[in-house]
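Asker: First, the structure itself, so that you have it in front of you.
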Amino acid sequence: MLKKILAVMAMLFAAASWAAVDANKASDAELDAIRGVGPSLSKRIIDERKKGGDFKDWPDLMSRVKGVKEKAAAKLSSEGLTVNGQGFGGTAPAAKVAKAESKKEKAEGSAKKGDAKP
């Protein structure tokens, strides 16, 4: 009987250690517990959350918190960090997508001009 109780307690502890931590609700200590989030990053997340309100989604967090870009967001998400209960889906912030698209259009436009010469 004692072994069963210990086994159940061990399973509950293991499940609790894998619980997701939401960036909009987590305390400084909860953020620090995530591998890859140190004291400075947890402070930046909390300061930005206080300044601008809750994060809407991952692109919002990535655009507001210095040092969190696509690669870091993917790593933090795999370690258990969520934004509004959602893991990182691999989408860049909208401003960066628009900027990349405009660069692509410029490159295509200059390539077409080069082809038009007789």
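Asker: What residue, among those in the stretch 28-73 that are acidic (Asp, Glu) and assigned to a loop (DSSP other than H, G, I, E, B), is farthest from PHE88 (Cα to Cα)?
Answerer: Filtering the stretch 28-73 for residues that are acidic (Asp, Glu) and assigned to a loop (DSSP other than H, G, I, E, B), the one farthest from PHE88 (Cα to Cα) comes out as ASP54.
Asker: Looking only at the stretch 54-107, which residues are modelled with pLDDT under 85, among the aliphatic types (A, V, I, L, M) and surrounded by 15 or more Cβ atoms within 10 Å (Cβ to Cβ)?
Answerer: ALA92
The values are calculated or read from the model by the stated rules, or taken from the named source; none is laboratory data. Predicted model, so just to flag it, every value in this text is computed and none were measured. Positions of Cβ are backbone-derived with ideal geometry, glycine not excepted, and every protein chain shown enters the neighbour counts.
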